[in-house]
1. Of all residues in the stretch 285-340, which are of a type in the set (Phe, Trp, Tyr) and touching a Leu at 6+ places or on another chain (Cβ under 8 Å)?
2. I need a count of the residues in the stretch 442-464 that are closer than 19 Å to Arg397 by Cα and open to solvent by less than 20 Å² (accessible area, probe 1.4 Å).
3. Just give me the residues in the stretch 505-544 being in contact (Cβ under 8 Å) with a residue 12 or more places away in the chain, in a loop (DSSP other than H, G, I, E, B) and not small (Gly, Ala, Ser), in sequence order.
4. Consider the stretch 164-181. How many of its residues are buried (at least 18 other Cβ atoms within 10 Å of the Cβ) and either acidic (Asp, Glu) or outside any helix (DSSP H, G or I) (or both)?
5. So how many residues does the stretch 27-55 have that are under 30 Å from Ala542 (Cβ atoms), touching a helix residue (DSSP H, G or I) at 6+ places or on another chain (Cβ under 7 Å) and touching a residue at least 60 places away in the same chain (Cβ under 8 Å)?
6. Is it fair to say Leu84 is modelled with pLDDT under 95, among the hydrophobic types (A, V, I, L, M, F, W, C) and more than 30 Å from Trp233 (Cβ to Cβ)?
7. If you take the residues in the stretch 465-487 that are open to solvent by 80 Å² or more (accessible area, probe 1.4 Å) and over 32 Å from the mean Cα position of the chain (by Cα), which one is farthest from Pro440 (Cα to Cα)?
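The values are calculated or read from the model by the stated rules, or taken from the named source; none is laboratory data. Values in this document were obtained by computation on a predicted structure and should not be read as measured data. Note that each Cβ is placed from the backbone with ideal geometry, even for glycine, and that neighbours are counted across all protein chains shown. To get the accessible areas, we keep the full protein, side chains included, count just its heavy atoms, and leave off ligands, DNA and RNA. Shrake-Rupley method; radii C 1.70, N 1.55, O 1.52, S 1.80 Å.
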Amino acid sequence: MVVHRVSGGTPPENSLLAIERAIAAGYDAVEIDIRRSADGGLFLLHDDTLERMTGLDQPPEVLGSEQLYSLNLRNHDGGKANGLTQEKLPSLAEVFELTRGRIFLHLDVKQQAVIPEVITCAKAMGVDAQVDVWASVANPKGLAWVQDTITPHGVLFIAKTRLDAPDAEMQVEALSILAPSVCEIDFDDLEQVAALRGRFAGTGMALWVNTLDGVSCAGFTDTAALIDPDLVWGRLINAGISVIQTDEAAALKSYLCGPPRLTPPRKTKMTHYKDYIADPARDCAIVAHRGAWRGASENSLASIERAIAVGANIVEIDIRKSADGELFIMHDDTLLRMAGIDRDAETFTIAELQAIALREDDGGDHRTTTDQRIPTLRQALEVIRGRIFADLDLKDRGLFSEVAACAHEMGAASYVDLKTRVMTHEELDWVRAQNIEGVPFMAMAMFTAEDFENTMALLGEIKPFMCEMRFDHIDTIASNRQRFHDANVALWINTLDQVGSGEWRDDKALDDPDSIWGRLMDAGISVFQTDRPQELKAYIEARRT
């Protein structure tokens, strides 16, 4: 498994922090992009300009090393949507120093003429045994260049060839002569790989495929793999592919650790929400906040599908009511963030709402418009029913009975929960007055050492199957773990990157999952609402195995 540009998380791509996290996650190799500065320095950057990752619209090769290494990198994959971080554009020497003896490096040198300099640097720093370089071997000229320039240095060489090219036979013949340890292949039909499998195996050559959405083979993309990993990653592996470069490293790692290779993950029992939560054999439940919105508009049908695809157990969606009385999905009071319309969402009719296209991911001016529309609750329940559980976050709790009735009508009552705060007898009486029979109820409460007994006594009167909670200190929860167990109340926590999460946030968990997700699990918390469902799933599975 090769992590493309060390991406897929919050740190800037091609950064030292991203590499450090890849090492911590236990990935096999990282792909990094290398360029040469005006004064001969070797540094990491993919693009021909610095604009996307630093905001400086200038070719990097015209700048000197000192200026390049002073530039701050933008978060994640850059662009105006991501702010600048404290991470600097790194030198290749810094990367070699960081990774020596810790992880393999796939070196994508953007100018082939610079490859000898990169090899020299790797040998000088003693990392030549853990790096590779690649180049196209499409004809006798390319073969001769590799044999003269790379082979004498003893550094692992990865050939690149196109099985879908008119001269594919010439390329395969060149591979047979060179016999590299690994070959990155492109194809337009998996049968092309099957037909040549014997010839590849005869040379002992491993096959590498990219499933990147932007650079993939014949529809074998990461996005498709998240929906059906067997159909994408599984088919490639069965065809003899043994190296996969991906932007979805956590999901691929989870898949590779799944059946039949290692310990099978426990699957969500799609019977009744309460039965699933009460199952003592289940893993910690993953709640995808507003759907798995990285790669799909939040609170959209696509985000629900993506939550299912990445292995979340529960999806959280926000419910409102339109001007003409239809229940629909939207978090904010206005449509400004998700659709660029500065007007209250509930002043539109449902027909008007469903004509509005949603912005990608979590919206904002920097996000582009998608083909996703604002869904009704009925449409969402049609997707959810029998496939994933759902936490229905009502923006007006006065909709309790109406939402419960809709869930019953759609045959989804056993797959959803309704929730509200229960911290006073008045709030308790309000819940009792609602007509939600048959729909699981989750209380929301604050636990403090001072008021713990009173809060437990209040919850004891309504007996919720689960409690979305906050606390004054983790010890308040850990020391009362048996009390919660005896009361048959599962504990739900939000680790969202929001003020209400306090120190228990996803961004901190990505840096040190044991200190955040791990400590909370050790305290007895078994349901986690997160904006990082894939990363949390990978952590849960690694912790179990």
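1. Pass one, the stretch 285-340, residues of a type in the set (Phe, Trp, Tyr): 293, 328.
Residue satisfying the conditions is Phe328 alone.
2. Total satisfying the criteria: 5.
3. Ile516, Ile525, Asp531, Arg532
4. Residues flagged as buried (at least 18 other Cβ atoms within 10 Å of the Cβ) and either acidic (Asp, Glu) or outside any helix (DSSP H, G or I) (or both) within the stretch 164-181 amount to 1.
5. 6
6. For Leu84, the condition - modelled with pLDDT under 95, among the hydrophobic types (A, V, I, L, M, F, W, C) and more than 30 Å from Trp233 (Cβ to Cβ) - is met.
7. That would be Ser479.
Table: residues versus (1) assigned to a helix (DSSP H, G or I); (2) among the hydroxyl-bearing types (Ser, Thr, Tyr); (3) closer than 30 Å to Ser254 by Cβ.
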residue: Tyr27; (1), (2), (3): no, yes, yes
residue: Ile32; (1), (2), (3): no, no, yes
residue: Asp39; (1), (2), (3): no, no, no
residue: Glu66; (1), (2), (3): yes, no, no
